[in-house]
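Let me begin by presenting the structure, written as structure tokens, before commenting on it.
The values are calculated or read from the model by the stated rules, or taken from the named source; none is laboratory data. Values in this document were obtained by computation on a predicted structure and should not be read as measured data. Note that we place each Cβ from the backbone using ideal geometry, even for glycine, and neighbour counts take in every protein chain shown.
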Amino acid sequence: MDKAKEIRKGEALDWEKLENYLRAELPKEATEKMEVAQFHGGHANLTYLLKLGETELVLRRPPFGKIAPGAHDMKREFRVLSKLYKAFPAAPRAYLYCEDDSVIGAPFVVMERKRGVVVRYALLDCFKPFDRPEERLTTAMVKSIAQLHTVDVDKADLSKLGRPDGFLERQVKGWKQRWDLVKTGDTSAMDTVFDLLSADIPKPQAASIIHNDIKLDNCQFQPDNPDEVTAVFDWDMATIGDPLVDIGTTLSYWYEPYFKDYDLPISLTEDFPSKEFIINKYAEFTGFDMDQINWYQAFAYWKGGVVGTQLYHRYVNGQSTDERMKQFGGTAKLFGTFAKKILES
């Protein structure tokens, strides 16, 4: 199971103040003292397990330090998860949003705890007895993404979550603004990709609820079932927009031979199906035309270069003590170069 562990150095919160706040805001079922632990899987938002007797809750808050404009939006995550679970059961139900920084130093959301296993880089032992487990896990993930993209936004009461008109244009411009805040060193590839993306923005085929960071390790499975995603995590960037943005993001996290000589902390092993398998499965589940998928892939890699630089920027400026962040210093040049290669091929 994906277990919570000890609190990382420098990431403890004011537990007493938090416990008092929660006891005042949530049903008073537990009298035992609150126990805390931390999930270590993510690279940005901080995720904690809170135990009050038999009650288990998950708390998510932004990372420490200066936050990029529009990033780590806990209010958005609450808006989505307080409603989406009714139409998309894999979404955890959010119970509480607190915007009072005086409680733990930042806004936070409290939600239900989902139990299961998470595949991060390689196949877990629990799935090895199954026939074609990598293919089945991948198919389940793509099917879950397709199900999300067919949720009726009006029935889910989420029609005001985003503005689909001009979505891709705003995305490209917005990520360029974030890049300009943190860029350093040789930026030529990233800047060229911005120009190429801006010159050939696709016409969206639909307007859907999109997760905006969909990948296998944001999905949870049960250890005895590789055919169904039972939870999807990390919803702070969810919005309404072009659904192919989600698939482009998924592809950017997938195994890519171009990066085989680099020790990247985001890539699966080559034992999983190819990117073409994902593209074809998604087209099968949705009926969407995938002819322009390379634009979406390039955009995702380019955006990944921005995110990686943001994480590295936080580390070198002392805003994070997470040692994993220092390995992201070269991601912009690496991802920007590959995104350029995709667009020019």
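Would you mind finding the one in Asp261, Asp234, Asp227 that is farther than 29 Å from Phe108 by Cβ, touching a helix residue (DSSP H, G or I) at 6+ places or on another chain (Cβ under 8 Å) and among the acidic types (Asp, Glu)?
On the way: Asp261 fails: touching a helix residue (DSSP H, G or I) at 6+ places or on another chain (Cβ under 8 Å); Asp234 fails: farther than 29 Å from Phe108 by Cβ.
Only one candidate passes the filter, namely Asp227.
Against the definition (in contact with a Pro (Cβ under 8 Å, 6 or more places away or on another chain) and either over 21 Å from Gln310 (Cα atoms) or modelled with pLDDT under 95 (or both)), how does Ser159 come out, yes or no?
So Ser159 does not fit the description; no.
Look at Gly116 and say whether it is surrounded by fewer than 17 Cβ atoms within 10 Å (Cβ to Cβ), within 18 Å of the chain's Cα centre (by Cα) and among the small types (Gly, Ala, Ser).
Yes; evaluated as a whole, the condition is true for this residue.
So in region 257-287, with the set limited to residues that are among the polar types (S, T, N, Q) and buried (at least 16 other Cβ atoms within 10 Å of the Cβ), which one is nearest to the chain's Cα centre (by Cα)? Full working, then the answer.
Initial filter on region 257-287 (among the polar types (S, T, N, Q)): 267, 269, 274, 280, 286.
Now drop any that are not buried (at least 16 other Cβ atoms within 10 Å of the Cβ), which leaves 267, 286.
Values: Ser267: 14, Thr286: 21 Å.
Only one residue tops the list, namely Ser267.
Just to be sure, is Val142 buried (at least 17 other Cβ atoms within 10 Å of the Cβ), more than 17 Å from the chain's Cα centre (by Cα), among the aliphatic types (A, V, I, L, M) and farther than 28 Å from Ala4 by Cβ?
So Val142 does not fit the description; no.
Which number in (1) at pLDDT 95 or above; (2) of a type in the set (Ser, Thr, Tyr); (3) within 28 Å of Val58 (Cβ to Cβ) marks the one condition that Tyr253 misses?
(1)
Just checking, does region 174-193 include any residue being in contact with a Ser or Thr (Cβ under 7 Å, 6 or more places away or on another chain), over 18 Å from Ile342 (Cβ atoms), of a type in the set (A, V, I, L, M) and crowded, with 17+ Cβ neighbours inside 10 Å?
yes
Every residue, every condition in (1) of a type in the set (Ser, Thr, Tyr); (2) assigned to a loop (DSSP other than H, G, I, E, B); (3) in the same structural domain as Pro133 (by TED's automatic domain parsing), yes or no:
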position	(1), (2), (3)
Ile247	no, no, yes
Asp263	no, yes, yes
Glu276	no, no, yes
Ala283	no, no, yes
Asp289	no, yes, yes
Asn294	no, no, yes
Lys303	no, no, yes
Thr309	yes, no, yes
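For every residue, the table says whether it meets (1) modelled with pLDDT of 95 or more; (2) more than 19 Å from the chain's Cα centre (by Cα); (3) assigned to a loop (DSSP other than H, G, I, E, B).
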residue: Leu22; (1), (2), (3): no, yes, no
residue: Glu32; (1), (2), (3): no, yes, yes
residue: Leu59; (1), (2), (3): yes, no, no
residue: Ala71; (1), (2), (3): no, no, yes
residue: Val80; (1), (2), (3): yes, no, no
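Is it true that Tyr121 is out of contact with any Ser or Thr (no Cβ under 6 Å at 6 or more places or on another chain), crowded, with 18+ Cβ neighbours inside 10 Å and of a type in the set (Ser, Thr, Tyr)?
No; evaluated as a whole, the condition is false for this residue.
With the structure loaded, tell me whether Ser252 is of a type in the set (S, T, N, Q), touching a Gly at 6+ places or on another chain (Cβ under 9 Å) and more than 30 Å from Phe272 (Cα to Cα) or whether it fails that test.
No.
Could you list, in sequence order, all residues of region 154-190 that are under 16 Å from Tyr301 (Cβ atoms), touching a residue at least 40 places away in the same chain (Cβ under 8 Å) and charged (D, E, K, R)?
Arg178, Lys183, listed by residue number.
State which residue is farthest from Leu49 (Cα to Cα) when the search covers only region 99-113 and only residues that are over 21 Å from the mean Cα position of the chain (by Cα) and buried (at least 16 other Cβ atoms within 10 Å of the Cβ). Reasoning before the result, please.
Step one: filter region 99-113 for residues over 21 Å from the mean Cα position of the chain (by Cα), giving 99-105.
Filter once more, keeping what is buried (at least 16 other Cβ atoms within 10 Å of the Cβ): 103-104.
Details: Val103: 17, Ile104: 15 Å.
The qualifying residue farthest from Leu49 (Cα to Cα) is Val103.
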